[in-house]
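A.B. asks: Below is the structure I would like to discuss, written out as structure tokens.
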Amino acid sequence: MRMVDVIQKKRDGEKLSEEEIRFFVNGYTDGSITDYQASAFLMATYFSDMDAEEQGYLTMAMVNSGDQIDLSAIEGIKVDKHSTGGVGDTTTLILAPLVAACGVPVAKMSGRGLGHTGGTLDKLEAIEGFHVEITEEEFVKQVNDLKLAVIGQSGNLTPADKKLYALRDVTATVDSIPLIASSIMSKKIAAGADAIVLDVKTGDGAFMKTTEDAEALARSMVAIGREVGRNTMAVISDMSQPLGYAIGNALEVKEAIDTLNGEGPEDLTELCLVLGSKMLIAGEKAKDTKDARNQLNQVIQDGSALELFSKFLEAQGGNPEIVKNPELLPKAAYQIEVKSTTTGFITKMEADEIGVAAMLLGAGRATKEDDIDLAVGIVLKKKIGDAVKSGETIAVIHSNTENILQTESLLLDHIHIAQHAPERPKLIHKVMD
Ligand code: URA
Ligand code: CA
């Protein structure tokens, strides 16, 4: 087989075989196919698209390019959740103990991400003593005992995706739906998921800015799941404003604890119930959404989800007292209130810019080498549609430096206030399965 023929076929909009796609992925991973041919192939895919079958082949070729985590020693259907990323998205910290308390095993592999705040791993490390350096045997045993464990990303998962993603980044081929869909799905499958629940964000603070694009991505991933035999469901949720109120690592842990206590923000709680329901159904612990929501509400109300969260923290070296006393979390030196200069209604809260404001405080990383400050961040006091008076606090900046002028002006510039009440954005745009 010659790579030039594979490129030409895709350029001309023809369908590729499993063999041809595997030839490309394996060749690029082992270095026998060059960057310039791979670049041409990616651009041809960008313009010519791939059908569900081709996307399934691409996904599995990337899965098979490296190690796969074997979770077969864990009883039950392992359901993983993936979010395409937003601002202040604390759902994993809540969903993991929530669905585990309902009997779905949660065996989570987590890495350190780039972004406005850290990843799930960074957030958990805001809890004193907590660590993810456990062996695979300890990991499996803990999931069987407690239904919940988190392990750090290890081994050589989907090296083809790593290499291709880096090339896409410099060839203007990141925002191609078949390439994004196969990239995300390959990582979930290599990490051992039997079933996958996707939270595809849409709006200003999301990767997919429009609902149409978000839906197209979700449809592709659900179709890949069907092609490769992993039950996959998707929810399209709103990211036109940050989720919940807290943006920052320790601040989000506290928000997660509040939510597990039944006292969380309305939007965050509802999204967790929607995604959690899908996870219970995929894990065959609930027969329908009504049954699932009843079970999830039950483990919130009777305290068992929070209790499980505390046992999980303790099992991995963390201080379990944190769930009763979130004051033990790292705290920033300064809490500075940002006040509205006008009276009216919040009409817009630009999630991405608010995320940047949190990152400037040190809550997130711009490059892999950056250190992050677990204590800092922003706690919003309002959502779109809320009334606000001149002089009223709209956000609190948690900072370890006194100079917060840049963060403050970003917040004032990107939280918009007008005279007329806007329509509140819909939280769930669509549910697909
Ligand atoms: N996230 C991924 O994991 N892969 C992509 O291609 C885009 C976003
Ligand atoms: Ca939040």
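A.B. asks: Any residue in the stretch 74-90 that is basic (K, R) sitting within a Cβ distance under 7 Å of a residue that is away from ligand 2 (no atom under 16 Å from the Cβ)? List the pairs, counting only those 6 or more apart or interchain.
C.D. replies: K78/L71; K78/P105; K78/A107; K78/G192; K78/A193; K78/D194; K81/V197; K81/M279
A.B. asks: The conditions are (1) in contact with a Leu (Cβ under 8 Å, 6 or more places away or on another chain); (2) more than 16 Å from ligand 2 (Cβ to nearest atom), and T135 fails exactly one of them. Which is it?
C.D. replies: Against the list (1) in contact with a Leu (Cβ under 8 Å, 6 or more places away or on another chain); (2) more than 16 Å from ligand 2 (Cβ to nearest atom), T135 comes up short only on (1).
For every residue, the table says whether it meets (1) in contact (Cβ under 8 Å) with a residue 60 or more places away in the chain; (2) open to solvent by 40 Å² or more (accessible area, probe 1.4 Å); (3) closer than 18 Å to G118 by Cα.
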| position | (1), (2), (3) |
| --- | --- |
| L308 | yes, no, no |
| T341 | yes, yes, no |
| D371 | no, yes, yes |
| K381 | yes, yes, no |
| I384 | yes, no, no |
| S390 | no, yes, no |
| T401 | yes, yes, no |
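A.B. asks: Testing S48 on (1) of a type in the set (G, A, S); (2) open to solvent by 10 Å² or more (accessible area, probe 1.4 Å); (3) within 24 Å of the chain's Cα centre (by Cα), one condition comes back false. Which one is that?
C.D. replies: (3)
A.B. asks: Pick out the one residue from L251, L268, L243 that is among the aliphatic types (A, V, I, L, M), within 24 Å of D386 (Cα to Cα) and not in a helix (DSSP H, G or I). First the steps, then the outcome.
C.D. replies: Numbers: L251 fails: not in a helix (DSSP H, G or I); L268 fails: not in a helix (DSSP H, G or I).
After ruling out the rest, the residue left standing is L243.
A.B. asks: What's the number of the condition D238 fails, among (1) charged (D, E, K, R); (2) surrounded by fewer than 24 Cβ atoms within 10 Å (Cβ to Cβ); (3) away from ligand 1 (no atom under 16 Å from the Cβ)?
C.D. replies: Result: D238 passes all but (2).
A.B. asks: From the list I300, I257, I322, I247, exactly one residue is surrounded by 22 or more Cβ atoms within 10 Å (Cβ to Cβ), within 16 Å of ligand 2 (Cβ to nearest atom) and farther than 22 Å from S409 by Cα. Which is it?
C.D. replies: On inspection, the qualifying residue turns out to be I257.
A.B. asks: Hey, another quick one. Identify, from the list K162, K201, the residue that is without any contact (Cβ under 8 Å) to a residue 12 or more places away in the chain and either touching a strand residue (DSSP E or B) at 6+ places or on another chain (Cβ under 6 Å) or basic (K, R) (or both). Give the derivation first.
C.D. replies: On the way: K201 fails: without any contact (Cβ under 8 Å) to a residue 12 or more places away in the chain.
Residue meeting the stated conditions: K162.
A.B. asks: Go through the stretch 53-105 and give me each residue that's away from ligand 1 (no atom under 16 Å from the Cβ), within 14 Å of V197 (Cβ to Cβ) and within 15 Å of the chain's Cα centre (by Cα).
C.D. replies: Residues satisfying the conditions are V79, T91, I94, L95, A96.
One line per residue, one yes/no per condition, for (1) closer than 30 Å to Y28 by Cβ; (2) out of contact with any strand residue (DSSP E or B) (no Cβ under 6 Å at 6 or more places or on another chain):
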residue	(1), (2)
T91	no, yes
I94	no, yes
K108	yes, no
D122	no, yes
I127	no, yes
Q142	no, no
G152	yes, yes
T158	yes, yes
A166	yes, yes
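A.B. asks: Could you tell me which residue of the stretch 279-290 is nearest to ligand 1 (Cβ to nearest atom), considering only residues that are more than 16 Å from the chain's Cα centre (by Cα) and outside any loop (DSSP other than H, G, I, E, B)?
C.D. replies: Restricting to residues being more than 16 Å from the chain's Cα centre (by Cα) and outside any loop (DSSP other than H, G, I, E, B), the top hit is A282.
A.B. asks: Filtering the stretch 194-242 down to residues that are farther than 28 Å from M359 by Cβ and of a type in the set (S, T, Y), which residue is nearest to ligand 2 (Cβ to nearest atom)?
C.D. replies: The extreme case among them is T232.
A.B. asks: Using the structure shown, decide if A375 is touching a His at 6+ places or on another chain (Cβ under 8 Å), crowded, with 20+ Cβ neighbours inside 10 Å and not in a helix (DSSP H, G or I).
C.D. replies: yes
A.B. asks: Would you mind listing the helices (runs of 4 or more DSSP H) fully within the stretch 91-181 where at least 2 residues are in contact with a Lys or Arg (Cβ under 8 Å, 6 or more places away or on another chain) and open to solvent by less than 20 Å² (accessible area, probe 1.4 Å)?
C.D. replies: Those helices (runs of 4 or more DSSP H) span 91-101, 120-124.
A.B. asks: Have a look at V6, V63 and point out the one that is open to solvent by less than 50 Å² (accessible area, probe 1.4 Å), modelled with pLDDT of 95 or more, under 18 Å from P159 (Cα atoms) and of a type in the set (V, I, T).
C.D. replies: Every option except V63 fails the conditions.
A.B. asks: When only residues in the stretch 343-367 that are open to solvent by less than 30 Å² (accessible area, probe 1.4 Å) and of a type in the set (G, A, S) count, which is farthest from G111 (Cα to Cα)?
C.D. replies: The extreme case among them is G344.
A.B. asks: Let me ask something additional. Looking only at the stretch 383-421, filter to residues that are of a type in the set (D, E, K, R) and part of a helix (DSSP H, G or I); which one of those is nearest to P330 (Cα to Cα)?
C.D. replies: E408
A.B. asks: Also: Output the residue which, of all residues in the stretch 200-234 that are assigned to a strand (DSSP E or B) and in contact with a helix residue (DSSP H, G or I) (Cβ under 6 Å, 6 or more places away or on another chain), is most open to solvent (accessible area, probe 1.4 Å).
C.D. replies: Ranking the candidates gives N231 first.
The values are calculated or read from the model by the stated rules, or taken from the named source; none is laboratory data. Since we're looking at a predicted model, the values are computed, not measured. Virtual Cβ from ideal backbone geometry, glycine too; neighbours counted across all protein chains shown. Note: accessible area is taken over every heavy atom of the protein model, side chains too, but ligands, DNA and RNA are not part of it. Shrake-Rupley method; radii C 1.70, N 1.55, O 1.52, S 1.80 Å.
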